[in-house]
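The values are calculated or read from the model by the stated rules, or taken from the named source; none is laboratory data. These numbers come from a predicted model, not from an experiment. Positions of Cβ are generated from backbone atoms using ideal geometry, with glycine treated the same way; all protein chains shown enter the neighbour counts.
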Amino acid sequence: MPRVLIPIANGSEEIEIVTIVDILRRAKVDVVVASVEKSMKIVASQGTKIIAEKLISNASEEIYDLIILPGGNLWSDLFFTGSPSKHGLLKEKRATAHPSVISKLTNEVVNGTKVVVDGKVITSRGLATVTDFALAIVSKLFGHGRARSVAEGLVLSTPIVREIYRLLEGSTAQSTVHDVGDAMGWIVPTGGATVYSDWAAKNTFKVNDVLVMFNFTSRRHDVAQVTKAAFDACNIASPISKETNSPANITLTSAGEHYYICTFNGHCAGGQKLALNVTSDAATPPPQEPHLLQETLPSLSALPCLQLFGHFCSSFVIV
Ligand SMILES: [Cu+2]
């Protein structure tokens, strides 16, 4: 179980603290909330009193996979190079910040972006972006499936999860994530194979788009790419490739006709089959919307070790 330290202080943003802790715990992250004040109780930015689980001095014996710093006045001095005596951890890093402090950033500022990743530093702008960001961390720690299920538990709309997935996979901004069958998912449709052919007809598919087959149970369904002949005959003997885990994420890497079936007994014949035509990606790209992440979130284990608060050796994140 990944272990995450969340230091809090007087003036920290209460919504950011509670949202991050909530989402990470729903995803089964081991979260430690530690006060950097003399007391376990801190008074957050809007006067809410929050009691930490331990003092930072008592949290420092542990090793953490990640340190997440919720927003608030405390961290400005620590990270912004405007205070030369401090660590200046954002020096020569691209970053974003809450509008109230963004003018203090002396490094390259990326505006209009919710979250910026540059090496070991991940920055975000404040409480409006904190849910997206916490889900992105969950997705990186555990995969898209768990981020999706946590998001569904929060009744967040699918587009947010799609966006997270797209960015974490490092797809280009022009690529689209298609939830195959929309809300129905990947099943033996009651309406027969026309359900999936109708769905495909409503969508356009480009190289680098991603198909997500979801809402199926692993070991009860799968997704096999097959030839046209095998597709037409529902021949499951020698698929080109096969995905057995749900949800299946398939990146469309080549143009042309693509054929997918479920290889479980009778499912293809029952209509669990999808044919689609993928066009090359030469078309003019659409205008780029503000990203959730500026660039792909690096693998957490790949983040360089950082010394902070004594002998912690961790990656860290600033929200
Ligand atoms: Cu099936």
*asked:* Let me confirm something: among Ile15, Ile6, Ile42, which residue is β-branched (Val, Ile, Thr), in contact with a Leu (Cβ under 6 Å, 6 or more places away or on another chain) and not in a loop (DSSP other than H, G, I, E, B)?
replied: Ile15
*asked:* Which numbered condition in (1) farther than 30 Å from Ala151 by Cβ; (2) at pLDDT below 90 is the only one that Val43 fails?
replied: (2)
*Being among the hydroxyl-bearing types (Ser, Thr, Tyr) and either in contact with a Pro (Cβ under 7 Å, 6 or more places away or on another chain) or at pLDDT 50 or above (or both), is that true of even one residue in the range 284-305?*
no
